[in-house]
Structures are given as structure tokens and as C-alpha cells.
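For reference, the structure discussed in these notes is given below.
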Number of protein chains: 2
Amino acid sequence: MPPVSSTKHVSSSPVRDLLALTSRPEVISFAGGLPAPELFDLPGLRMAFHQALSEPTGRDNLQYAPTEGNPALRSLLAARMTGKGLPTTEDDLLVTTGSQQALTLVTAALLGPGSVVAVEEPTYLAALQCFRMAGARVVAVASDGHGMVPEALEEVVRAERPSLVYLVPTFANPAGRTLPAERRAAIAALAAAHDLWVVEDDPYGELRYRGEPIAPLAVGSDNVLHLGSFSKIGAPGLRLGWLRAPESLMGTLVIVKQAADLHTSTVDQAAAAIYLATADLDGHVAALRTAYRSRRDAMVAALPGATPAGTTWTDPDGGMFVWVTLPAGTNTTELLSAALAHDVAYVPGPPFYATTPDQATLRLSFTTNAPDRITEGMARLAEVLR
Amino acid sequence: MPPVSSTKHVSSSPVRDLLALTSRPEVISFAGGLPAPELFDLPGLRMAFHQALSEPTGRDNLQYAPTEGNPALRSLLAARMTGKGLPTTEDDLLVTTGSQQALTLVTAALLGPGSVVAVEEPTYLAALQCFRMAGARVVAVASDGHGMVPEALEEVVRAERPSLVYLVPTFANPAGRTLPAERRAAIAALAAAHDLWVVEDDPYGELRYRGEPIAPLAVGSDNVLHLGSFSKIGAPGLRLGWLRAPESLMGTLVIVKQAADLHTSTVDQAAAAIYLATADLDGHVAALRTAYRSRRDAMVAALPGATPAGTTWTDPDGGMFVWVTLPAGTNTTELLSAALAHDVAYVPGPPFYATTPDQATLRLSFTTNAPDRITEGMARLAEVLR
């Protein structure tokens, strides 16, 4: 057989390989970034699919459809975003096959070999993989407990001339931190001043367990592309995301999307539109918040007893992740096999770094285990870490 | 706002722009490449989704899932392909978000700027768009009423060193023609001899209205990537396709797929698996064949009266399309507005050419109109063409 082109930068995802190791039922896994399946609104979604596949529109919902997405879904999503402080119309939105696809569409539209992308560290590793696959060079911007430092970004912008800045500003994956309002304004202003695109990846924004919502960066500039997802508030299996982009870029994004998969599943979009129109999504999200808040609390409460002196961690205001930094000299990648031997799993931190990894970091997800399981899992982790 | 990169080769699809013009209900459209919605098995698919979203596996079918695809679906598809003469195992298959996605995955895995792709002419225009977007150079191989000429491909291989050959060998879009067995064997042998990948795009293969099935090219060589689709035998709204690839390439394809959308809709895959396991798909496809055969017959019967002397057309053994070549000097792009004024639509041929278009060609789709509507539409077309 002919060779695969050697110009392609593809390598397997460490998270993916790890997930394979955590499927034994006796393992308490804090590794995956999954929502809790017992909290899915299975009856509500079943009803929505039933209606989507009933007369009078059932046949339309099995047919090819416009690349931009189901108009009713886009309109409902726009109203929801507007209601949450980000004024949006149907025409501002492109429905995507999960927000992962939105990332690849933006990458295909804006980046090429040699492009430069600026990221916070640590950051979402599938985004790093996506940028690298396009041949882009990823540069890190200094970040602290509140996320990317705008002054550091300004230096990187002047020195490296990136085309794109990638951020998970709210309850970041993996760090759990949230970018404050002043930094959001500063980064949006930098984007406008330096003709720079910013991707605001926001799958977790509705999962807030304490404090008040902070306006998205996209409020501050048309240079900010805002990515939303049904995966964490509804269910990931539908692969439904959306991308809010200015008119100047939307035409290109639609053409790239058309080449990618013509359009997102017609039936899944129709079911989601029916669900948004008829179910109590706000009530459902409130229930998610209550459940996840107690899980976060159980994990954070267990951390002092599970880790050695000198360990620090984030206590996130929302989202799915706690980020742990063990004392210098610890190697969490090496410790993982010991953790798996104790039937507990986490994700080592290094793959989330674009440049020099901190070997003493790890990511814990608190969403898929009930509080007592979290307490038990953290006790197992204590045996490995202390 | 920052500029969209000027290195990107994106342009709107003529078919897409045209489809917008044909949505008036009084238009009899032969333009779209859509399956007939009244023939969808709506009750059967509704039942399959209901079961997919019921206990005990309903919650699993809403969760994140493996990139390769639903194992039951892959196993059922492999058995179906094996039964139709292409020996296939679950591990040979990657589930894709429509076969359009399979094209972009293959493109991302194998092509880059400057790569050369060899195609028959005319060919599927979304494939041309996909190759061009990747910066590949598309070269045409001489083709006749039976498809690509192997001797012409051999010359192109020696002169241009393509990385990939793209073919719709069975009931081609747009030409309706089918590549004979001897040419398939010759092209598969060329691929093996010259270390060349071949994409065998096969969305229409099951829609045969006359004659006996011909073995796919993939039977003859592991260098042939075989693309299948649920869109024409089931429904396109689920966006379900599959890609049969050798182990040497599968790892790379899975990583590219992971970056593209993590995985195809879990619920759509589960519903399709249930449908394949429980419905009489062969009976359903037999009913499609009966209906589409009479539509093809109505269109072919009307062509002599609808076109001027010197016109030629394909009389396809299957699929969805008749390809018409009007007398030299005719310009079907210019005639389209006249056709639309007569409330009938077609797709002009030129966009389906990679190189020098034949301005006198057009594509007619016979699938979405009943025979009497086809007869009426062809009478309208006669007023424009004769």
C-alpha cells in the first residue's frame, strides 16, 4: 500500500488511550471529561425525537438540510444566548457537529501551515491537536490562577503575530479557572487593536455553582468567535454545537462546513429544537448545577487529606474539573499506573501544555461520580499520592 | 475584523446556490440529488430511535462514544458488505458523519498543498471542492460512456504522479455511467503497481434497476478506500456514512476523525444499528428500486421529445441521474433561467468538470418526482431546449 503522507502531524490522544484503561467497573475514574449519564433527561429527549420523527415534519427531518443548520434551532439558541447577555440573531449562528467541529472549521478557515496560535497554559488538548494537525505553530501565553494574563498576550502578539488566540475562559478545561471581566475586556480590546481572531470556547458556562455570571468575551468584540455546545447542558451523544461568528467570516465557515459533512444530523437538530422549545432546560440545568456542586464540594473537601503538603489545587466556580499541582519533583504520568493499580484514575497534566509541561500536575473530573464514590476514590488516590 | 486568510481556496457551491432557486412549490425540480422523502421508512426509523432512547442502553446512546463508531453498527455494516461480495470486518470500518465526511478525512490524511488528485470527468463537484480546499491540484483522466479509461489513467499516473484517484464507479454522479468489471480490475492493478490510493465513492450501488451487480474495486486491492452511505438506502438526515480502509491507514483516519467531530452522533448510530438489525432493509431497498426504476423510465422515455436532434443522454442502470449532452454550441448555464421561468430546474454540467467544461451538458435527477410529474417537467423542459 502507498505510504501515508509524512507531512501530516497526527498522533494519538493520550486521553483517548487512557480512557481505554479506565473502563474496568472497579475503577473510580476521575479521568474522563464526561457528563453524568444518570442526569440526562432521557424521557424528555426520547419525546423530542419521537415528535421530530412524526408527521407533519418527520420526513423533512430525515432529508438533506441547509448547511447553516435548522432555522428553528438557530433561532432558539440565539434567543437563549441573547437572554444570557450575548445579543445574537439566527444569522450569527452556524450549527456544528459538536463544538469540536467548530474548532476544526475555524482552523480550516483561518489557519494554515506556519500560522501561529496563542493559547493559555494548560489548555484543552484536543484544541492543541487540531491546531497542530493544520500545521500551525502553538505559542503559550503566561497564565495564572485567573487564566491568561493580558499583558503577556500583548507581548506575544507583538513578538509572534499570532492569527488566533484560543481560550476556554469560563471554568477552563483542564485548569477549572475563570477569566475575570477586566481581563476579558483587555483581551477583546487587544484583538480589535491587532486584527486578531479570538476563539472563546464555552462548553461549561452554564454549569456555575457559585458567584455571578461574567459576560462572554464576544460581547466586547466582533473578533471573538464564540463556541457553544449541547453536550454539557443536554447530552453529548447528539454531537450538537454552535458557532457565533460575524458576517465577514460566516460565508467561509459555511463553505468549509459544507465540505466537512454537508450539515449536522437533521433529526438530531430537529429533536434539539423541539427540546429547547418544549422542555424546561433551565430547570434541568439547575438540577445539574445542584448535583455537580455537591460533587465538586466532595472532591475539594477530600483534597487536603489526599495530597502531600505543598500541593495546590483549583476550587472551581463551575464546570467539571479540578486541577492539582503536586510538590515539585512529582511525576504524575509515572504515578498513573500506581493509581490504576489502586482502582482510581486521573489524567496527568503534561499533555495539556503547549510548551514545557509541569510534570507534577493532574486533572480530576468530579462530574461522573456521586459524592460518596468521590470520597472513596480520593481515599484510594491518597494511598498513591501521599 | 481581521481578514480571512487569502491562502484558503473556498468558493460557494453552484448546486447549493441553485437549490435556493428551486424551492418554489410550482417548480418541478430535477436539480437536487435528493432521495424521495415519501419513500423514507418513517415509522421504522421512528421505532428505531425510540428503542435507542429507551432503557437499558438509552443513556449510553446519549453519551460520548468511541471515535471508530458504534461496534454493533460496524459489525452489521461489515456483514452487509460481506454479503454483497466485499469481505469486510468491523475493524475495517470507520463510521463517518455522512460519506462527505469520509472524503474530507481521506483528504486530510493523504493530501496537502500541491498534492495531485486524478478524477474522471465529469465528476462529483463536492469532491472537487474538497480536494481544492486542501490545496490539491486536480487532473482529469479521459473518460467515456463507461467511465474512466484505464490506459488514460496509466498515462496520467506516469506524467503527473497523483497521490489519489477519485471515482464514483457505480451509477456515477453526475454521469449515471458504471465502470465495467475489466476496467475495475485494471484500475485496481494500476493502484497496486504504482503505490496509489483509490477512493471508490459508492453511495448508489444498491440502487440497481437493471443488470447484475459488479464487484467493487475494493475487492481487487487494499489500496482502494471504499465509501458507503446510509443516505440513499435509509435517509440522509442521519448523516451516516462509513469508510472501509486498510489497517495501515485506519489509525491516521481515526485521529483525523477525532479532531473533526470526536465521533458521529451516538443516537443516530444506535438507531441505525437497531434499524439494520430489525427492519427489512433489503425489502425496503427493493421497494426503492421499483419506484426509482419507473421514474428513470419516465425520464428516459421523455428525453427524445424534450431535446433537439443531436442530443445524447445516459440511460443509467441505477442511481439517481441522467446526464444529457445537447448539441454543441448550447449553453445550459444560460438556459437555466429560461427553464426556471418555465417552472422546471436542472443542474448545468460545467461545475462537474475539473478542467475544461462542456457547456452543452446538464444533469437531471429522476428520484424525487413521480412518473407523471417527470413527464410534465420534461414537457416544460422541451419548451426551453427544443
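The values are calculated or read from the model by the stated rules, or taken from the named source; none is laboratory data. Note that the structure is predicted; figures quoted are calculated from it, not measured. Cβ atoms come from the backbone with ideal geometry, glycine included; neighbour counts cover every protein chain shown. The area values use the complete protein model at the heavy-atom level, side chains included, leaving out ligands, DNA and RNA. Shrake-Rupley method; radii C 1.70, N 1.55, O 1.52, S 1.80 Å.
Yes or no: the stretch B:162-170 includes at least one residue that is in contact with a helix residue (DSSP H, G or I) (Cβ under 8 Å, 6 or more places away or on another chain) and surrounded by fewer than 19 Cβ atoms within 10 Å (Cβ to Cβ). Within the stretch B:162-170 (the criterion being in contact with a helix residue (DSSP H, G or I) (Cβ under 8 Å, 6 or more places away or on another chain) and surrounded by fewer than 19 Cβ atoms within 10 Å (Cβ to Cβ)), the answer is no, since none of the residues qualifies. From the list B:A142, B:A109, the lone residue that is open to solvent by 50 Å² or more (accessible area, probe 1.4 Å) and at pLDDT 95 or above is B:A142.
Taking the condition of being touching a Pro at 6+ places or on another chain (Cβ under 8 Å), under 23 Å from B:E26 (Cα atoms) and open to solvent by 40 Å² or more (accessible area, probe 1.4 Å), how many residues in the stretch B:298-319 meet it?
The first filter runs over the stretch B:298-319 and keeps only residues touching a Pro at 6+ places or on another chain (Cβ under 8 Å), leaving B:298, B:308-311.
After this cut, where a residue has to be under 23 Å from B:E26 (Cα atoms) as well, the list is B:298.
Now narrow it down to the ones that are open to solvent by 40 Å² or more (accessible area, probe 1.4 Å): none.
Total meeting the criteria: 0.
Residues of the stretch B:214-225 that are open to solvent by 10 Å² or more (accessible area, probe 1.4 Å) and away from chain A (no Cβ under 14 Å): B:I214, B:A215, B:P216, B:V219. Annotation: B:L45 fulfils all but one of (1) of a type outside the set (K, R); (2) surrounded by fewer than 23 Cβ atoms within 10 Å (Cβ to Cβ); (3) closer than 30 Å to B:V322 by Cβ; (4) modelled with pLDDT of 95 or more; the unmet one is (2). The residues of the stretch B:87-106 that are open to solvent by less than 10 Å² (accessible area, probe 1.4 Å), more than 18 Å from B:V168 (Cα to Cα) and not polar (S, T, N, Q), listed by number, are B:L93, B:L94, B:V95. For the stretch B:66-93, filtering for residues that are more than 14 Å from chain A (Cβ to nearest Cβ) and under 14 Å from B:L227 (Cβ atoms) leaves 5.
Looking across the stretch B:25-54 at every residue that is among the charged types (D, E, K, R) and more than 8 Å from every other protein chain (Cβ to nearest Cβ), the one that is nearest to A:N61 (Cα to Cα) is identified as B:D41.
Looking across the stretch A:340-371, just one residue is surrounded by 19 or more Cβ atoms within 10 Å (Cβ to Cβ) and charged (D, E, K, R), and that is A:R363. Checked against (1) open to solvent by 20 Å² or more (accessible area, probe 1.4 Å); (2) modelled with pLDDT of 95 or more; (3) more than 21 Å from the chain's Cα centre (by Cα), B:K8 passes all but a single condition, namely (2).
Would you pick out the residues in the stretch A:165-206 that are aromatic (F, W, Y) and over 23 Å from A:F230 (Cβ atoms)? If you could, list the steps in order and put the result at the bottom.
Going through the stretch A:165-206, the residues aromatic (F, W, Y) turn out to be A:166, A:171, A:197, A:204.
Matches in the stretch A:165-206: A:W197 only.
In the stretch B:231-253, what count of residues is obtained for those that are out of contact with any Gly (no Cβ under 7 Å at 6 or more places or on another chain) and either more than 19 Å from A:P236 (Cα to Cα) or open to solvent by 10 Å² or more (accessible area, probe 1.4 Å) (or both)? The number of residues fulfilling the criteria is 16.
Within 24 Å of A:F49 (Cβ to Cβ) and either of a type in the set (V, I, T) or open to solvent by less than 30 Å² (accessible area, probe 1.4 Å) (or both), is that true of A:Y275? Write out each step before concluding.
Numbers: within 24 Å of A:F49 (Cβ to Cβ): yes; either of a type in the set (V, I, T) or open to solvent by less than 30 Å² (accessible area, probe 1.4 Å) (or both): yes.
When the stated conditions are applied, A:Y275 passes them.
Among the conditions (1) under 16 Å from the mean Cα position of the chain (by Cα); (2) without any contact (Cβ under 8 Å) to a residue 60 or more places away in the chain; (3) assigned to a helix (DSSP H, G or I), A:V165 misses just one, which is (3). Is at least one residue of the stretch B:141-157 more than 9 Å from chain A (Cβ to nearest Cβ), in contact with a helix residue (DSSP H, G or I) (Cβ under 6 Å, 6 or more places away or on another chain), free of Cβ contacts under 8 Å to residues at least 24 places away in the same chain and more than 20 Å from A:A260 (Cβ to Cβ)? Within the stretch B:141-157 (the criterion being more than 9 Å from chain A (Cβ to nearest Cβ), in contact with a helix residue (DSSP H, G or I) (Cβ under 6 Å, 6 or more places away or on another chain), free of Cβ contacts under 8 Å to residues at least 24 places away in the same chain and more than 20 Å from A:A260 (Cβ to Cβ)), the answer is yes, since at least one residue qualifies. Of all residues assigned to the stretch B:261-274, none qualifies as being within 9 Å of chain A (Cβ to nearest Cβ) and modelled with pLDDT under 95.
Against the condition among the basic types (K, R) and in a loop (DSSP other than H, G, I, E, B), how does A:R132 come out, does it pass? Answer is no for this residue.
On the stretch given as the stretch B:48-66, residues that are modelled with pLDDT under 95 and either under 23 Å from the mean Cα position of the chain (by Cα) or not in a loop (DSSP other than H, G, I, E, B) (or both) total 0. Please count how many residues of the stretch B:69-86 are touching a residue at least 40 places away in the same chain (Cβ under 8 Å) and surrounded by fewer than 19 Cβ atoms within 10 Å (Cβ to Cβ). Final tally of qualifying residues: 4.
Of all residue pairs spaced 6 or more apart or on separate chains, those with beta-carbon atoms under 6 Å, a first member in the stretch B:92-106 that is touching a residue at least 60 places away in the same chain (Cβ under 8 Å) and closer than 7 Å to B:W242 by Cα and a second member that is outside any strand (DSSP E or B) and among the β-branched types (V, I, T) are B:V95/B:T264.
If you go through the stretch B:320-339 and keep only what is buried (at least 23 other Cβ atoms within 10 Å of the Cβ) and either in a loop (DSSP other than H, G, I, E, B) or over 26 Å from the mean Cα position of the chain (by Cα) (or both), you end up with just B:M320.
Does A:S99 satisfy the criteria of being part of a loop (DSSP other than H, G, I, E, B) and within 12 Å of chain B (Cβ to nearest Cβ)? Considered against the rule, which asks whether it is part of a loop (DSSP other than H, G, I, E, B) and within 12 Å of chain B (Cβ to nearest Cβ), A:S99 comes out as no.
The rows are residues; the columns are (1) within 13 Å of the chain's Cα centre (by Cα); (2) of a type in the set (G, A, S).
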| position | (1), (2) |
| --- | --- |
| B:A188 | no, yes |
| B:D195 | no, no |
| B:E200 | yes, no |
| B:R210 | no, no |
| B:A215 | no, yes |
| B:A218 | no, yes |
| B:H226 | yes, no |
| B:S231 | yes, yes |
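When the test is whether a residue is open to solvent by less than 10 Å² (accessible area, probe 1.4 Å) and without any contact (Cβ under 8 Å) to a residue 24 or more places away in the chain, B:A36 does not pass it.
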